[in-house]
Structures are given as structure tokens and as C-alpha cells.
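Chemist: Sharing a structure, written as C-alpha cells. Questions coming.
A short reminder: the numbers here are calculations on the coordinates, not readings from a lab. Values in this document were obtained by computation on a predicted structure and should not be read as measured data. Ideal geometry is used to build each Cβ from the backbone, glycine not excepted, and the neighbour counts take in all protein chains shown.
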Amino acid sequence: AQTVTQSQPEMSVQEAETVTLSCTYDTSESDYYLFWYKQPPSRQMILVIRQEAYKQQNATENRFSVNFQKAAKSFSLKISDSQLGDAAMYFCAYRTQNYGGSQGNLIFGKGTKLSVKP
Amino acid sequence: DSGVTQTPKHLITATGQRVTLRCSPRSGDLSVYWYQQSLDQGLQFLIQYYNGEERAKGNILERFSAQQFPDLHSELNLSSLELGDSALYFCASSVGASSTYEQYFGPGTRLTVT
């Protein structure tokens, strides 16, 4: 079974600085998706960024980028120019790639609580 | 706003009771997923439906059941409630059932069992 581990329960960053959140996963599959979700105090789950395992290029979305190391099974999230609105719980998630298949549930890590200091 | 709606937003009930949580997927989405977020277990997948049929089961208790109706809305039924069932229950929807399609999360239903 696949597992996702986030080893940093809490992180803190100064506004405008850069922070990296860590995530490792365990799988025997070669094709899969990895995600970072943000959960602000409103509790809404918001997709931040997505990475397909077959793509060597790291995904980026504005100030958010990932460092995907497939061999090491590592998937870290870098937030640049941190803003107060970035304060939230961040969840790393795994999803099996099942071409045309019928299952697509997400497997989540325990989360990292990010605080942003003004 | 993801386009996924969940009702009610909050629910407070007593142990031993039964509740029903409702989810309306985004327009055009055929697949619905239910997730539970609790302090003990974190975020975990419960069950998936696609166009009215059950497609995958996760860590769903036997006391819990779900269904998806012809209009594609879904309901999660929780019975013989225990204190440990207190959690935030999310519904997510996607166009199709496979992992190719993005999941969009609703705002969740906060269940408190007293």
C-alpha cells in the first residue's frame, strides 16, 4: 500500500522569504500523481500544485514550485516570496495512475502547519 | 468556490444517533469521493461513486454507508454514532472516475458527536 509522510508538523517563515515543505512517499508503482493541497483556517481544500510522475520537469505555479525526486521518492514544495495568506495547513497527497480505470482516490500525509510572520 | 456543495455545514448530534450528509457535485461531474478528516486519523478516503455505482472503498466503517442518486448527488449515512466519529467530512467530485481527472473539494460538513 502507498504511504505519504510529512515529517515537519509545523514550519514558520518570515513574510517575503522562501520556505520548503518536505514530503516523502512509498510506492511500488511507476506511474502516479503527486499533489500539494492547502487548507486555510476556512477548512476548504485548495489544490496548489500537481506533478505527474512520468514528467521529469518540476511543476511550478507562480510562487509555488516542487522538487520532485522520483528515485528518492521525495516531493517537496517551495513557496517563494511568502505572503500572510500562505499561512495554512499543507497536505502532500498521492494518487495512483490508472489509465482509463475506475479508481482515483487520494492518499494524504498528516500535514504541515505553516505560519507566516509579518 | 469549487462548485461542490455540501449540507449541512455543521451537525451536532448524540452518540447512538444516525445522520445523513449530502453532497452535490459540480455540474457535469460523474464521480464523487468522500473523505474524513479527524485529529486521530488525518485525512482518509472513505468511498467513491461513479455514475451511481460504487467504485472504490477505503477505510469506511460498516456503520457508514453511501449512495449516489440518479441526479448524481450523493449521501453519506453514519449510524450508531460514536464520539470518535466527530470529524470534518469532505466530498469531492471529478468529471470521470480515473486518476486523470482533477478532484474538486466541497467546503465540508463538521460533525460533532456528544
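Chemist: If all Cα-Cα distances of chain A are sorted into 10 Å bins from 0 onward, what percent lands in each bin, rounded to whole numbers?
Modeler: Percent of pairs per bin, in order: 14, 48, 30, 8, 1.
Chemist: Given the C-alpha centroids of segment B:1-78 and segment A:1-71, what is the distance between them in whole angstrom?
Modeler: First find each Cα centre; the distance between them is then 25 Å.
Chemist: Over chain B, calculate the relative contact order: mean separation of alpha carbon pairs under 8 Å at least 6 apart, over the residue count, as a percent.
Modeler: Reported relative contact order: 37 percent.
Chemist: Quickly rank A:24-36, A:5-17, B:11-23 as a protection proxy: mean count of other C-beta atoms within 10 Å, highest first.
Modeler: A:24-36, B:11-23, A:5-17
Chemist: With θ taken as phi - 60° and the coefficients 6.51, -1.76 and 1.60, list the Karplus ³J(HN,Hα) couplings across segment B:52-69 in order, rounded to whole Hz; mark glycine and proline as x.
Modeler: Result, ordered by residue: x, 10, 5, 10, 7, 10, x, 7, 9, 6, 5, 6, 9, 8, 9, 7, 10, 8 Hz.
Chemist: In Å and from the alpha-carbon atoms only, list the Rg and Dmax of segment B:7-100.
Modeler: When restricted to Cα atoms, segment B:7-100 yields Rg and Dmax of 13.0, 40 Å.
Chemist: Of all DSSP beta bridges in chain B, what percent run antiparallel (nearest 5)? Let's see the in-between values first.
Modeler: Values: 37 of 41 bridges.
In chain B, DSSP labels about 90 percent of beta bridges as antiparallel.
Chemist: Any idea which of B:32, B:89, A:1 is furthest toward the positive side of the dipole for the protein assembly as shown, if Lys and Arg beta-carbons carry +1 and Asp and Glu beta-carbons -1?
Modeler: Towards the positive end, the residue furthest out is B:89.
Chemist: Is there a quick way to get the dipole size of the protein assembly as shown? I mean about its Cα centre, with the Cβ of Lys and Arg at +1 and of Asp and Glu at -1; what is the value in debye to the nearest 20?
Modeler: Roughly 180 debye for the protein assembly as shown.
Chemist: Another one. Give me the inter-chain shielding for A:44-53: mean count of other chain Cβ atoms within 10 Å, whole number please.
Modeler: The mean count of partner-chain Cβ atoms within 10 Å per residue comes to 3.
Chemist: So what's the net charge close to residue B:85: Lys and Arg +1, Asp and Glu -1, counting the other residues with Cβ under 14 Å from its Cβ?
Modeler: Once all neighbours under 14 Å are counted, the net charge is 0.
Chemist: Would you work out which of B:47, B:4, A:76 lies farthest towards the positive end of the dipole of the protein assembly as shown? Charges go on Cβ: Lys and Arg +1, Asp and Glu -1.
Modeler: It is A:76.
Chemist: How much of the calculated P(r) for segment A:30-91 lies past 18 Å, in percent of all Cα pairs?
Modeler: Value for segment A:30-91 (Cα pairs over 18 Å): 35 percent.
Chemist: Apply the Karplus curve 6.51 cos²θ - 1.76 cosθ + 1.60, θ = phi - 60°, to the phi angles in segment A:73-83 and return the couplings in whole Hz, x for Gly and Pro.
Modeler: Rounded to whole hertz, the list is 6, 10, 8, 9, 10, 10, 10, 9, 6, 3, 10.
Chemist: Describe numerically, in nm with one decimal, the distance between label points set 7 Å from Cα along Cα→Cβ at residue A:62 and at residue B:61.
Modeler: Distance between label points: 4.0 nm.
Chemist: Amide H neighbours of residue A:89 under 5 Å, counting only residues 5+ apart in sequence or on other chains, H built in-plane at 1.01 Å?
Modeler: Distant-sequence amide H within range of residue A:89: A:39, A:114.
Chemist: May I pose another question? What is the packing order of peptides A:52-65, B:63-76, taking the mean over residues of other C-beta atoms within 10 Å and listing the highest first?
Modeler: Taking the mean over residues of other Cβ atoms within 10 Å, the ranking is B:63-76, A:52-65.
Chemist: Something else: About the Cα centre of chain B, what is the dipole size in debye to 20, counting +1 per Lys and Arg Cβ and -1 per Asp and Glu Cβ, all else neutral?
Modeler: 160 debye
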